[in-house]
1. Among the listed residues D126, D159, which satisfies the condition of being part of a loop (DSSP other than H, G, I, E, B), of a type in the set (D, E) and surrounded by fewer than 19 Cβ atoms within 10 Å (Cβ to Cβ)?
2. Tell me the residue from A107, A90, A96 that is open to solvent by less than 40 Å² (accessible area, probe 1.4 Å), within 19 Å of C204 (Cα to Cα) and either of a type in the set (A, V, I, L, M) or within 16 Å of ligand 1 (Cβ to nearest atom) (or both), please.
3. Quick one: which of A20, A26, A39 is within 15 Å of ligand 2 (Cβ to nearest atom), modelled with pLDDT of 95 or more and more than 19 Å from G212 (Cβ to Cβ)?
4. I need the full set of residues from the range 64-84 which are away from ligand 1 (no atom under 16 Å from the Cβ), under 14 Å from T54 (Cβ atoms) and surrounded by 21 or more Cβ atoms within 10 Å (Cβ to Cβ), in order please.
5. Tell me, which residue of the range 176-187 that is more than 12 Å from ligand 1 (Cβ to nearest atom) and not hydrophobic (A, V, I, L, M, F, W, C) is least open to solvent (accessible area, probe 1.4 Å)?
6. Would you mention how many residues in the range 81-123 are in a helix (DSSP H, G or I) and either in contact (Cβ under 8 Å) with a residue 60 or more places away in the chain or aliphatic (A, V, I, L, M) (or both)?
7. Would you confirm, using the coordinates I've provided, whether D24 is among the acidic types (D, E), open to solvent by 10 Å² or more (accessible area, probe 1.4 Å) and under 16 Å from the mean Cα position of the chain (by Cα)?
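The values are calculated or read from the model by the stated rules, or taken from the named source; none is laboratory data. These numbers were taken from a predicted model, which means no experiment stands behind them. As a convention, Cβ positions derive from the backbone with ideal geometry for all residues, glycine included, and neighbour counts pool all protein chains shown. Ligands, DNA and RNA are stripped out before the accessible areas are found, and what is left, the full protein with its side chains, is counted by its heavy atoms. Shrake-Rupley method; radii C 1.70, N 1.55, O 1.52, S 1.80 Å.
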Amino acid sequence: MEPTRPSRNPYQLLPSILSADPTDLASALRAAEDGGADAFHIDVMDGHFVPNITFGPAVVKAVRARTRLPLDIHLMISEPSKYLKAFAQAGGDTLAFHLEAGGDLRALAREVRALGRRPGLAVRPDTKFAEVEPLLPEFDEVVVMTVMPGFSGQKFMADVLPKMRQVREALDRAARPVDLSVDGGITPETIGAAAKAGARLFVCGNSVYGDGPSPQENLRALRATLAREAPLEVR
Ligand code: DX5
Ligand code: ZN
């Protein structure tokens, strides 16, 4: 397998395969690539940290074999340290674990780096900026959740936007680039507000694979909305 190709788009769309047909992930990947997806988001749930159960390393490995786009692995699991190596070996590029799962988060980030992967910090909607801020220097990506983790197709929580702005401002002051990703309820109606609050990576489950005409058309519509509502100056 050739190495993954990171996107240089200032705004990146990451289809979440949780909303795709699980019996035909290969078609779901192709359709999203065709529509210009920048990377894929894979939701790992353990039935303990969250009430739902989804994918393990075997699915990540199978997806890795079918696409050269980067894979963002969103670990909604207790004790992520037990599984970092397995998801790194399966081919995840970013391994994001939850602040609320606890443990030594800085040591976990170092462990991900030692595995040659990018550490990501995922944050539930009810977690305060003050808890996130001191951890930022350790990570390559922050995933701010705008729904409670567990299920796709939930309603976007606009009351998280002030925290998103705080994270954006802190990252703009940081010495090195850190990606800011928004996860949950992103649709053509909400993506502009998330972008204006500072998100640059957008996880899209239902709005790519659920509603709308096709993943290709849905991705184009999301991109067009971003360009219209939150144009970014290219420096
Ligand atoms: C929810 C997951 C999300 C989910 C997003 O716990 O973390 O990534 O797939 O789905 P939508 O975009 O439908 O809210
Ligand atoms: Zn997710």
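1. Details: D159 fails: part of a loop (DSSP other than H, G, I, E, B).
Answer to the selection: D126.
2. Working: A107 fails: within 19 Å of C204 (Cα to Cα); A90 fails: within 19 Å of C204 (Cα to Cα).
Answer to the check: A96.
3. Numbers: A20 fails: more than 19 Å from G212 (Cβ to Cβ); A26 fails: within 15 Å of ligand 2 (Cβ to nearest atom).
None of the other options fit; the residue is A39.
4. None; the set is empty.
5. Residues of the range 176-187 more than 12 Å from ligand 1 (Cβ to nearest atom): 176-180.
Pick out the ones that are also not hydrophobic (A, V, I, L, M, F, W, C) and you get 176-177, 179.
Working: R176: 81, P177: 118, D179: 56 Å².
Top of the filtered list is D179.
6. Going through the range 81-123, the residues in a helix (DSSP H, G or I) turn out to be 81-82, 84-90, 99-101, 105-114.
After this cut, where a residue has to be either in contact (Cβ under 8 Å) with a residue 60 or more places away in the chain or aliphatic (A, V, I, L, M) (or both) as well, the list is 84, 86, 88, 90, 99, 101, 105, 107-109, 112, 114.
Within the range 81-123, residues that are in a helix (DSSP H, G or I) and either in contact (Cβ under 8 Å) with a residue 60 or more places away in the chain or aliphatic (A, V, I, L, M) (or both) number 12.
7. On the way: among the acidic types (D, E): yes; open to solvent by 10 Å² or more (accessible area, probe 1.4 Å): yes; under 16 Å from the mean Cα position of the chain (by Cα): no.
Judged against the criteria, D24 is not a match.
Let's see how each residue does on (1) at positive phi; (2) of a type in the set (D, E):
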| residue | (1), (2) |
| --- | --- |
| F151 | no, no |
| Q154 | no, no |
| A158 | no, no |
| V167 | no, no |
| G192 | no, no |
| G198 | yes, no |
| N206 | no, no |
| D211 | no, yes |
| T225 | no, no |
